[in-house]
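Structure first, commentary second.
The values are calculated or read from the model by the stated rules, or taken from the named source; none is laboratory data. Note that the structure is a prediction, hence the values are computed from the model and not measured. Here the Cβ positions follow ideal geometry from the backbone for every residue, glycine too, while neighbour counts run over all protein chains shown.
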Amino acid sequence: MPIYKRSGKRPKPWYYQVMREGRIYKRSFATANEAKNAEARLLAELQIRTTHIIFSIIVNKRLDYVQAYCTPRHYTDHRTMLKRFAAWRDMSIEDITPALIREKLIELSKELGNHNANRHLIALKACFSLAVNDGLLARNPCQGIRPFPTEKAPKFIPSPDDVAKVLLLAEPLDQAYLTILRYTGARVRELNNLTWEDVDWQGKQIRFYTRKKRHGHKSPRWVPMNDRVISALAHAWEKRDKRSPFVFTNPRSKQAYDYRDKFLKTLCRKAGVRPFNFHDLRHLYASELADRQIPIPRIKEFLGHENITTTSIYLQSLGKAI
């Protein structure tokens, strides 16, 4: 709409009002000429935004943000998911419509399943949200797109007997690695980054660090060691790489492991048990704590959760009554 003047005694009675993609831009000025010039500058700026901002720019902005605030694994997962939208790389973000997004997500749901398609929707929505927050886009085109229905299966808890069978087949150092996961409930990345400075032999406790906190802050927690963990760490100490600060050192890189997703699957197959992963050992640890009637605040501390509600939901997902 053209500039207009509001009645009454006002120091700045002249206004412009511009609407773009459902967003209203409105300012007041002392003179009509000031309002006209400001409106012209705004229209030029909006035209530049909608003309030159392409999809790859906001994707890179989002990946830079994730790399700065989240874990390396989180960054890798996001990069992998956003690569599946590479066909939109040179498209203007204004041309990416809800219909286009919905069509792509349906394609992904058929290829990868509903759960993974929903993860892609979350990653994509975060890209556009960042663009909206930076003033590059008026409205998030993912807004209003419903996630696909999924069936939440109960979390799998391997039996102690099956875990014992797997441990018997493991090489001594791998056996030590799995034993620590089994009896501390540590996340695999926490164990991979464990250093000898984090082992308190006298106090019989281990300090794990996690970034699964709000804003990605690195937070420590102490977890008690039982005799099995102490024995496992003693073996790791004997076999340690003296040039490395880590308890378990990747022999190839001489640094911390990133993720070890091969040998456990092989061990499960050889042992003839239902396959389980590293995080399932955490499920078993939490389940045993609940069965021993350990208070929920203590379980929260052992698992490294930020609040007690998370712990309650976690235990309920394992089928444990609270």
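Taking the criterion of being in contact with a Pro (Cβ under 9 Å, 6 or more places away or on another chain) and either surrounded by 15 or more Cβ atoms within 10 Å (Cβ to Cβ) or modelled with pLDDT of 95 or more (or both), the residues of region 126-146 that qualify are Phe128, Pro141, Cys142, Ile145.
Scanning region 72-99 for residues that are loosely packed, with under 12 Cβ neighbours inside 10 Å and in a helix (DSSP H, G or I) yields Thr80, Lys83, Ala86, Ala87, Ala99. Residues in region 302-322 that are surrounded by 15 or more Cβ atoms within 10 Å (Cβ to Cβ) and over 19 Å from the mean Cα position of the chain (by Cα): Phe302, Ser312, Leu315, Leu318, Lys320. The combined condition, being farther than 27 Å from Ala170 by Cα and part of a helix (DSSP H, G or I), is fulfilled by Arg298.
Can you find a residue in region 41-52 that is modelled with pLDDT of 80 or more and more than 21 Å from Asn140 (Cβ to Cβ)? Yes: region 41-52 contains one or more residues that are modelled with pLDDT of 80 or more and more than 21 Å from Asn140 (Cβ to Cβ). Does Arg260 satisfy the criteria of being more than 28 Å from the chain's Cα centre (by Cα), in a loop (DSSP other than H, G, I, E, B), surrounded by 13 or more Cβ atoms within 10 Å (Cβ to Cβ) and not β-branched (Val, Ile, Thr)? No: the conditions fail for Arg260. Within this structure, Ala234 passes the test of being small (Gly, Ala, Ser) and either loosely packed, with under 14 Cβ neighbours inside 10 Å or part of a helix (DSSP H, G or I) (or both). Going by the conditions given, is Ala176 under 18 Å from Arg274 (Cα atoms) and assigned by TED's automatic domain parsing to the domain that holds Lys270? In short, no. Within region 266-290, if we keep just the residues that are loosely packed, with under 15 Cβ neighbours inside 10 Å and free of Cβ contacts under 8 Å to residues at least 12 places away in the same chain, the residue that is farthest from the chain's Cα centre (by Cα) turns out to be Arg269.
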